[in-house]
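What follows is a single structure, written as structure tokens, with notes after it.
The values are calculated or read from the model by the stated rules, or taken from the named source; none is laboratory data. Since we're looking at a predicted model, the values are computed, not measured. Counting neighbours? That spans all protein chains shown, and the Cβs are built from the backbone with ideal geometry, glycine included.
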Amino acid sequence: MNKSSRILLIEDEVQIRRFVRQALEEEGYSIVESDTMHKALEHLQETAPAMIILDLGLPDGDGVDFIRSVRLHTDMPVLVLSARSSEAEKIHALDNGADDYLTKPFAIGELLARVRALLRRNKTDAPNLEASYRFGEIEVDLAHRQVTRNNAIVHLTPIEHRLLLTMLSNPGKVLTYRHLLRAVWGNAHAESNHYLRIYVGRLRQKLEDDTTQPKHFLTETGIGYRFQP
């Protein structure tokens, strides 16, 4: 991993911001700080960071809105730090483009591990797929990040899209829960099987004809899932 990676840290609580900055700088990262969404957008354009660490409760807006605006232009990793601890809040942030979510208070060791995992995953090659992939009534256009079903566009969240590509790149292969969780969310969520069940269920709702008898996104009981073209 490149230790000189620049990170944009968006946090309005001064003590937390200083604490996180010091820990990251000790690991060799270059930190750009912001305490508002407005300043963060300016820094984003000026400094071209490798990733973003973001608090959701900002004085001039909600962090989820910031994530949405970021996702219009880039796929850089976004790690949320938030006191919002409900599963619904976490899923809302992940659905709107966050890559990972860490609840306050947090251990600095875990934060650093998640930063390393996100930067490492962002540098890996994309799944080895053709420019376009078709199965059943579904067509996946990788170049334009577009999925259609019977020529109608299907909206997938960033997490759903990443999960889909991971499964498409391994047709017919049984993928364990741990493998999928690491590929989509990183090592920090390697045991969070409930996240995986939720998102596989969403793919089935959007891409299967009958969610009770799926043909493409199959469950391997006690092991994981398998994509069947």
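Taking residue 24 and the conditions (1) at pLDDT below 95; (2) assigned to a helix (DSSP H, G or I), which numbered condition does it fall short on, given that it satisfies the others? (1) is the only condition that residue 24 fails. Cβ-Cβ distances below 9 Å connect the following pairs, each with a first residue in the range 200-229 that is farther than 20 Å from residue 183 by Cα and surrounded by fewer than 17 Cβ atoms within 10 Å (Cβ to Cβ), a second residue that is of a type in the set (S, T, N, Q) and modelled with pLDDT of 95 or more, and a separation of six or more residues or different chains: 211/205. Restricting attention to the range 42-59, the residues being in contact with a strand residue (DSSP E or B) (Cβ under 9 Å, 6 or more places away or on another chain) and farther than 21 Å from residue 101 by Cβ number 5. All conditions in (1) aliphatic (A, V, I, L, M); (2) touching a Pro at 6+ places or on another chain (Cβ under 9 Å); (3) crowded, with 17+ Cβ neighbours inside 10 Å hold for residue 83, with the sole exception of (3).
Looking at the range 93-120, I want the residues that are part of a loop (DSSP other than H, G, I, E, B) and have a partner that is loosely packed, with under 14 Cβ neighbours inside 10 Å and not hydroxyl-bearing (Ser, Thr, Tyr) with Cβ atoms under 7 Å, at least 6 apart or on another chain. Which pairs are those? Close Cβ pairs satisfying both conditions: 96/68; 97/68; 104/83.
Residue 132: small (Gly, Ala, Ser) and crowded, with 16+ Cβ neighbours inside 10 Å, yes or no? No: the conditions fail for residue 132.
Inspection of the range 194-207 finds no residue satisfying the criterion of being assigned to a loop (DSSP other than H, G, I, E, B) and either at pLDDT below 85 or on the phi < 0 side of the Ramachandran plot (or both). Assessment of the range 4-12 against the conditions (assigned by TED's automatic domain parsing to the domain that holds residue 97, over 21 Å from the mean Cα position of the chain (by Cα) and within 22 Å of residue 106 (Cβ to Cβ)) yields at least one matching residue. Among the numbered criteria (1) under 29 Å from residue 78 (Cα atoms); (2) loosely packed, with under 15 Cβ neighbours inside 10 Å; (3) of a type in the set (Val, Ile, Thr); (4) modelled with pLDDT of 90 or more, which one does residue 140 miss? Against the list (1) under 29 Å from residue 78 (Cα atoms); (2) loosely packed, with under 15 Cβ neighbours inside 10 Å; (3) of a type in the set (Val, Ile, Thr); (4) modelled with pLDDT of 90 or more, residue 140 comes up short only on (2). Count of the range 157-180 residues, restricted to those that are out of contact with any Phe, Trp or Tyr (no Cβ under 7 Å at 6 or more places or on another chain) and at negative phi, is 14.
Among the residues making up the range 137-154, those that are out of contact with any helix residue (DSSP H, G or I) (no Cβ under 8 Å at 6 or more places or on another chain) and assigned to a loop (DSSP other than H, G, I, E, B) are 137, 143, 144, 150, 151. Being touching a helix residue (DSSP H, G or I) at 6+ places or on another chain (Cβ under 8 Å), modelled with pLDDT of 85 or more, in a strand (DSSP E or B) and in the same structural domain as residue 205 (by TED's automatic domain parsing) is a property that residue 80 lacks.
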